[in-house]
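Asker: What follows is a single structure, and I will ask about it in a moment.
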Amino acid sequence: MGKKIFSGVQPTGNLHLGNYLGAIKNFVDLQNEKENQCIFCVVDLHAITVKQDPKELKKNIRETAATFIASGIDPINSIIFNQSMVPAHSEAAWILSCVSRIGWLNRMTQFKEKAGKNKEKVSIGLYSYPVLMAADILLYDASHVPVGDDQKQHLELCRDIAQKFNNDFNAPDFLKSPEPLIQKEFSRIMSLKDGIKKMSKSDPSDLSRINLTDSKDEIINKIKKAKTDPLQLPKETKDLIERPEAENLLGIYSSLKNQDLEKSISEFSGKNFAEFKDKLSEILIEKIEPISEEIKKLLNDEKYLDKILLEGSNKASIIASKKIKKIKELVGF
């Protein structure tokens with residue numbers, strides 16, 4: 001029996017290696033498992049929880065769709081669409097927000113991190129974002145959702161919302177509680193300039209990340225300049241304690257090779273960073289350069305990308321509109 005998988009990526013532009021290894025590469029693997037039904041959403045409604053330039057947002061929606069396709073997601077066998085084109089997402093989010101409890105949302109650590117000290121000045125959307133995320137998932141009866149550590153709490157909330165809705169409206173198992181899919185052999189991808197900071201597009205230094213649109217020369221240059229330490233590469237995993245940069249680079253190599261960290265450590269045990277960086281650049285170019293070239297090609301064909309998103313939205317609407325119709329009937333609309 002295959003899994004019903006739903007996942008979304010925010011159209012923030014400049015998708016990087018962390019996005020690829022943390023999410024998109026995994027999407028491709030899940031799609032390639034027979035019997036899996038996969039729905040991949042460009043979550044543009046989530047993107048506007050913080051202020052966006054409308055022209056940039058439109059460009060970023062297309063770029064995210066192009067990145068999905070260039071990375072190997074097949075728009076014929078999987079559904080690729082953007083959230084704002086399926087009205088059921090907004091409708092379900094409102095209904096589910098009337099079931100959710102303030103206490104639940106107050107416990108969300110990601111909101112506290114993003115809002116910081118300016119809690120009174122951020123949008124209500126940023127606060128209620130996890131309810132929209134629950135609506136996204138529950139509309140499609142998803143059985144599994146690929147999540148990183150930062151989204152696990154949101155998925156737990158989604159399960160709580162589903163259970164409460166079912167109880168409130170005496171509809172056992174109507175909203176399906178999804179299971180998390182946690183990647184094996186995956187290291188969190190950190191900045192190339194600071195091994196304790198997550199790789200991020202908001203970092204002012206472009207040298208801190210490998211963008212999925214980087215050329216071969218840019219990749220080589222960034223890896224050459226990536227921060228390391230004066231020691232040789234470790235002989236055992238325990239030798240990585242207090243060596244975040246070494247751990248990050250070895251983690252990137254392991255994730256690209258689909259092997260565990262121990263195997264990578266034994267491969268480069270006692271060698272110097274220059275030799276390791278050459279090998280890391282090689283594997284990055286092999287995996288990222290074809291994606292980069294394909295993204296650039298697809299971005300030159302906006303009509304094709306818009307057609308993919310429209311067709312995907314139509315397919316998603318067929319599923320979501322049936323579910324929202326039943327939700328409304330249960331509520332009494």
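The values are calculated or read from the model by the stated rules, or taken from the named source; none is laboratory data. These numbers come from a predicted model, not from an experiment. All Cβ positions, glycine included, derive from the backbone under ideal geometry; neighbour counts span all protein chains shown.
Asker: Can you list the helices (runs of 4 or more DSSP H) found entirely within the stretch 8-75 that contain at least 3 residues being over 20 Å from ILE189 (Cβ atoms) and in contact with an Asp or Glu (Cβ under 8 Å, 6 or more places away or on another chain)?
Answerer: Of the helices (runs of 4 or more DSSP H) lying wholly inside the stretch 8-75, those with at least 3 residues that are over 20 Å from ILE189 (Cβ atoms) and in contact with an Asp or Glu (Cβ under 8 Å, 6 or more places away or on another chain) span 54-71.
Asker: Here's a follow-up. Taking only pairs six or more apart or across chains, which ones have beta-carbon atoms under 9 Å, a first residue in the stretch 239-268 that is over 12 Å from MET190 (Cβ atoms), and a second residue that is surrounded by 22 or more Cβ atoms within 10 Å (Cβ to Cβ) and among the polar types (S, T, N, Q)?
Answerer: Short answer, once both residue conditions are applied: TYR253/SER264; SER254/SER264; LYS257/SER264.
Asker: Output the number of the condition that LEU155 fails; it satisfies all remaining conditions of (1) assigned by TED's automatic domain parsing to the domain that holds ALA142; (2) free of Cβ contacts under 8 Å to residues at least 60 places away in the same chain; (3) surrounded by fewer than 16 Cβ atoms within 10 Å (Cβ to Cβ).
Answerer: (3)
Asker: Given the criteria free of Cβ contacts under 8 Å to residues at least 12 places away in the same chain and either part of a helix (DSSP H, G or I) or in contact with a Ser or Thr (Cβ under 9 Å, 6 or more places away or on another chain) (or both), does LYS235 qualify?
Answerer: When the stated conditions are applied, LYS235 does not pass them.
Asker: Select the helices (runs of 4 or more DSSP H) contained entirely in the stretch 100-149, then report the ones holding at least 2 residues which are within 30 Å of GLY2 (Cβ to Cβ) and modelled with pLDDT of 95 or more.
Answerer: Once the helices (runs of 4 or more DSSP H) in the stretch 100-149 are filtered for at least 2 residues that are within 30 Å of GLY2 (Cβ to Cβ) and modelled with pLDDT of 95 or more, what remains is 124-138.
Asker: Follow-up question, since we're still on this one. How many residues are buried (at least 16 other Cβ atoms within 10 Å of the Cβ), of a type outside the set (Lys, Arg) and closer than 13 Å to ILE252 by Cβ if we restrict to the stretch 184-207?
Answerer: 8
Asker: If we scan the stretch 250-265, do we find a residue that is assigned to a helix (DSSP H, G or I) and either in contact with a Cys (Cβ under 7 Å, 6 or more places away or on another chain) or exposed (fewer than 14 other Cβ atoms within 10 Å of the Cβ) (or both)?
Answerer: yes
Asker: Tell me whether the stretch 289-309 contains one or more residues that are farther than 30 Å from ASP44 by Cα, in contact with a Ser or Thr (Cβ under 8 Å, 6 or more places away or on another chain) and in a helix (DSSP H, G or I).
Answerer: Within the stretch 289-309 (the criterion being farther than 30 Å from ASP44 by Cα, in contact with a Ser or Thr (Cβ under 8 Å, 6 or more places away or on another chain) and in a helix (DSSP H, G or I)), the answer is no, since none of the residues qualifies.
Asker: Now a separate question. Quick one: which residue in ILE252, ILE283 is modelled with pLDDT of 90 or more, over 21 Å from the mean Cα position of the chain (by Cα) and among the β-branched types (Val, Ile, Thr)?
Answerer: ILE283
Asker: Would you pick out the residues in the stretch 219-243 that are among the charged types (D, E, K, R), buried (at least 16 other Cβ atoms within 10 Å of the Cβ) and in contact with an Asp or Glu (Cβ under 9 Å, 6 or more places away or on another chain)?
Answerer: Selection gives LYS222, LYS227, ARG243.
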